[in-house]
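Participant: My questions all concern the structure below.
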Amino acid sequence: MNKLELQITFHLDQQYLPKDYYTTFYAFLKATLFERNKEKYKDLFGKKDAKVKNFCFYVKLSNPTFEKEKVLIDNNIVTMCIRDFNSLELFEIYNAFIESLDSKSIYKMNLNQAKIIDVKLKNLKTMSTNSKTTWFVKMLSPLVVKKQINKEENKVWYYSCEDEEFQEILKENIKNTTIKLGHNFNFENFELIPVNLKKTIISLYSINFPVTVGSFILKGDKELLEFLYTAGIGVLRSSGCGAFQILGSDSK
């Protein structure tokens, strides 16, 4: 079965989004599931401890201009794109948004508001059937890498491509994610080779921290790379980070 991407297109009353628009669309997703599929909402968000998710998302903006407190865009249309390693879960999210589209739901956003105008599923680029794969990829949303340095005080350190430990901690992040989700992938051949990476700063949950954007070569076993392609790479994937596109591939 081909892997799919869910695309939800919104019409905004005003041509701007909050600076922390990642959490805005995460809130839209939670609100939609709470209204349309409470069982799935409880499964994903209803527990005291945050559940590691099988999905990631990114947001398509038209010519964004980043100001101090908001992001200006040059039209009223934005699209939220969701991928999920669990295909059944993606269809559950799709059905919830279809119901919201049919009911003409309005999402409040401070002095702005959004209305769903289209919901569709799109095939993702076909993946190689070979065991070992090399992809040339580009981030569609920030790559977040972090390490907990003091568990008792809940202190974490964020790493970007400029840090020496970046790749080591990224691999740890991916391994921890897959273990928590019950997957057992082979990391022996996994490698990230920088091509055109750069550090930038984003705001998420009112916290500013460094992330990595740009392009790189990704090598590894097909099963692991397929997981990263649909579930996202790094951490904070379900909060709008970690999605990437495949620009080219070389499999053997």
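The values are calculated or read from the model by the stated rules, or taken from the named source; none is laboratory data. Everything quoted here is computed from the prediction, not taken from an experiment. Here Cβ is always computed from backbone atoms with ideal geometry, including for glycine, and neighbour counts include all displayed protein chains. Accessible surface areas use protein heavy atoms only, side chains included; no ligands, DNA or RNA. Shrake-Rupley method; radii C 1.70, N 1.55, O 1.52, S 1.80 Å.
Participant: State whether the residues of region 24-43 include one that is hydrophobic (A, V, I, L, M, F, W, C), over 30 Å from E223 (Cα atoms) and within 15 Å of the chain's Cα centre (by Cα).
Facilitator: Yes - at least one qualifying residue is present in region 24-43.
Participant: Which strands (runs of 3 or more DSSP E) does region 93-207 wholly contain that include 2 or more residues that are of a type outside the set (D, E) and within 25 Å of E5 (Cα to Cα)?
Facilitator: Qualifying strands (runs of 3 or more DSSP E): 106-109, 112-123, 132-139, 191-204.
So that you can scan it fast, the table gives a plain yes or no per residue for (1) in contact with a helix residue (DSSP H, G or I) (Cβ under 8 Å, 6 or more places away or on another chain); (2) among the small types (G, A, S):
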residue	(1), (2)
N176	no, no
N184	yes, no
L192	yes, no
I201	no, no
L204	yes, no
G214	no, yes
L218	yes, no
L225	no, no
T230	no, no
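Participant: Of everything in region 23-60, what is over 26 Å from N173 (Cβ atoms) and of a type in the set (A, V, I, L, M, F, W, C)? Give them in sequence order.
Facilitator: Within region 23-60, A31, F34 meet the criteria.
Participant: Also, I was wondering about something else. Out of the residues in region 23-56 meeting the condition of being open to solvent by 70 Å² or more (accessible area, probe 1.4 Å) and acidic (D, E), tell me which one is farthest from I233 (Cα to Cα).
Facilitator: Going through the qualifying residues, I end up with E35.
Participant: Checking the conditions here, which among N176, N196, N184 is touching a residue at least 12 places away in the same chain (Cβ under 8 Å) and open to solvent by 50 Å² or more (accessible area, probe 1.4 Å)?
Facilitator: Among N176, N196, N184, only N196 is touching a residue at least 12 places away in the same chain (Cβ under 8 Å) and open to solvent by 50 Å² or more (accessible area, probe 1.4 Å).
Participant: Right, E168: of a type in the set (D, E, K, R), farther than 28 Å from P64 by Cα and free of Cβ contacts under 8 Å to residues at least 40 places away in the same chain or not?
Facilitator: yes
Participant: Can you find a residue that is touching a residue at least 40 places away in the same chain (Cβ under 8 Å), among the aromatic types (F, W, Y), closer than 22 Å to N123 by Cα and surrounded by 14 or more Cβ atoms within 10 Å (Cβ to Cβ) anywhere in region 237-247?
Facilitator: Checking region 237-247: at least one residue is touching a residue at least 40 places away in the same chain (Cβ under 8 Å), among the aromatic types (F, W, Y), closer than 22 Å to N123 by Cα and surrounded by 14 or more Cβ atoms within 10 Å (Cβ to Cβ).
Participant: Just to be sure before I move on: is N184 polar (S, T, N, Q) and within 20 Å of the chain's Cα centre (by Cα) in the structure I sent?
Facilitator: No; evaluated as a whole, the condition is false for this residue.
Participant: Within region 199-222, track down each residue that is open to solvent by 70 Å² or more (accessible area, probe 1.4 Å) and modelled with pLDDT of 95 or more.
Facilitator: Correct list: K199 only.
Participant: Next question. Being among the polar types (S, T, N, Q), within 20 Å of the chain's Cα centre (by Cα) and assigned to a loop (DSSP other than H, G, I, E, B) is the filter here; which residues of region 69-90 pass it?
Facilitator: N86
Participant: Continuing with the same structure: Tell me whether region 109-120 contains one or more residues that are open to solvent by 60 Å² or more (accessible area, probe 1.4 Å), more than 25 Å from Q245 (Cα to Cα) and either among the polar types (S, T, N, Q) or without any contact (Cβ under 8 Å) to a residue 40 or more places away in the chain (or both).
Facilitator: Yes, region 109-120 has at least one match.
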